[in-house]
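Visitor: The structure is given below, and queries will be raised subsequently.
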Amino acid sequence: MRATSSMVLTVTLLLAACGGGSQSSAPAAGAAPAQAQGPAVTGTALFEQPVALSPGASLDVRLLDITRVDAEPILITEGKFPIQAIPAEFRLPYDAAAINPIRTYAIDVTVMDNNAIRFLSQGRVGVLPQNKSDKVTVMLAQGLVSASKDPAVELIKEFNDFEARLGGLKRFADSRIIGPEGKETAIGWDAFADETGVRMVREQIVNPDQSRSSRRFAFKDDKLWVAVREIGGGTVQLGWDKDGQVIVNLRNGQADPSVAEQAPELTRLAREARDIAAARAPR
């Protein structure tokens, strides 16, 4: 099949897109926390719209060392801040002596309201030496259930930790063009592997009508673990437990059982993406 020069350019841009993104910032409502002496990470926690909270609500912020992808994050420090609404600002002091410039750090945020997880940060947000910044904007997703241990909530937290530590895995990238000539779909992808094999594949897709979408597939114990699809401004996320049962069904950060209908298609696409990536993995 002959690839046009415009399609080659599209694939090149897709591969560049797989390398990562940037955080956007927005002003927070209310006054900033009082300043104090010493180093601190400051930031704003945002949701897609302002949210009023109950009396006693808190913003729980953790500074984590996430250098080791094969281990649990190391807690550097944490703080609990009383808040009345989202957006909310925070200032988390830390001991400069505890920060190693060759290690990787991130901020994790949870909003507690009436003893329940009301919001969770959408992934870890990098800070300090690796990111050259002590100011962050944390986008929040709506929580699922109460603060008690819930498999779906724990899966989301574990996946967020995993994504934040992808830098510790071996990364490689490629592209492919599928479909008949004149109606080609361009797919640029990158993948991450460890000694067990391919752990994550991220795809950026440009369709024949120039519409764009993206997919992310994570694997654990040689099985599909999490699938995320972003298309048309919306996001769906599915998560599977160790027995292969779907326990996470999210649409735009909120529980939606109908998302499970996409599980067969996403499972097929994930298997195809992993097979292609595994065949091109560096030896």
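Visitor: Quick one: which of 272-282, 216-226 comes out on top by average Cβ neighbours within 10 Å, and what's the full order, highest first?
Guide: Answer by packing, highest mean first, reads 216-226, 272-282.
Visitor: By the scheme Lys and Arg +1, Asp and Glu -1, what is the net charge of all other residues having a beta-carbon under 14 Å from that of S54?
Guide: The answer is 0.
Visitor: Does the stretch 198-283 classify as rounded, prolate or oblate by the C-alpha gyration tensor (a ≥ b ≥ c root eigenvalues; a/c under 1.5 gives rounded; else a/b over b/c gives prolate, otherwise oblate)?
Guide: It is oblate, given that a/c is not under 1.5 and a/b is not larger than b/c.
Visitor: Which residue, I156, G182, N100, has the largest displacement toward the positive end of the dipole of the stretch 89-206 when charges sit on each Cβ (Lys, Arg +1; Asp, Glu -1)?
Guide: N100
Visitor: Please list the equivalent ellipsoid semi-axes of the stretch 201-244, computed as the square roots of five times the alpha-carbon gyration tensor eigenvalues, in descending order and whole angstrom.
Guide: Those come to 25, 11, 6 Å.
Visitor: Follow-up question, since we're still on this one. Past the 30 Å Cα-Cα mark, which pairs from K183/K223; K183/K220; K135/K170; K157/K223?
Guide: Violating the 30 Å Cα-Cα cut-off are K183/K223; K183/K220.
Visitor: Compute the distance in nm between two label points, each set 7 Å from the Cα along the Cα-to-Cβ direction, one at R212 and one at R280.
Guide: So the label points at R212 and R280 sit 1.9 nm apart.
Visitor: Of all accessible surface on the stretch 118-261 at a 1.4 Å probe, what whole percent is carbon and sulfur?
Guide: With neighbouring chains kept in place, the figure for the stretch 118-261 is 46 percent.
Visitor: While we're on this one: Using R₀ = 30 Å, calculate the FRET efficiency as 1/(1 + (r/R₀)^6) where r is the Cβ-Cβ separation of N115 and Q37; round to 0.05.
Guide: Computed FRET efficiency for N115 and Q37 comes out at 0.35.
Visitor: Hey, rough spin-label estimate for R68 and D194, points 7 angstrom out along Cα→Cβ, what's it come to in nanometres?
Guide: About 1.1 nm, to one decimal.
Visitor: Using the heavy atoms of the protein chains and a 1.4 angstrom probe, tell me the accessible area per residue for the stretch 179-276 in square angstrom.
Guide: Value for the stretch 179-276: 49 Å² per residue.
Visitor: For the pair D256/A52, report the inter-label distance in nm, with labels modelled 7 Å from Cα in the Cβ direction.
Guide: 2.7
The values are calculated or read from the model by the stated rules, or taken from the named source; none is laboratory data. These numbers were taken from a predicted model, which means no experiment stands behind them. Note: ideal-geometry Cβ built from the backbone for every residue, glycine included; neighbour counts use all protein chains shown. We work out accessible area using only protein heavy atoms, side chains counted, and drop any ligands, DNA or RNA first. Shrake-Rupley method; radii C 1.70, N 1.55, O 1.52, S 1.80 Å.
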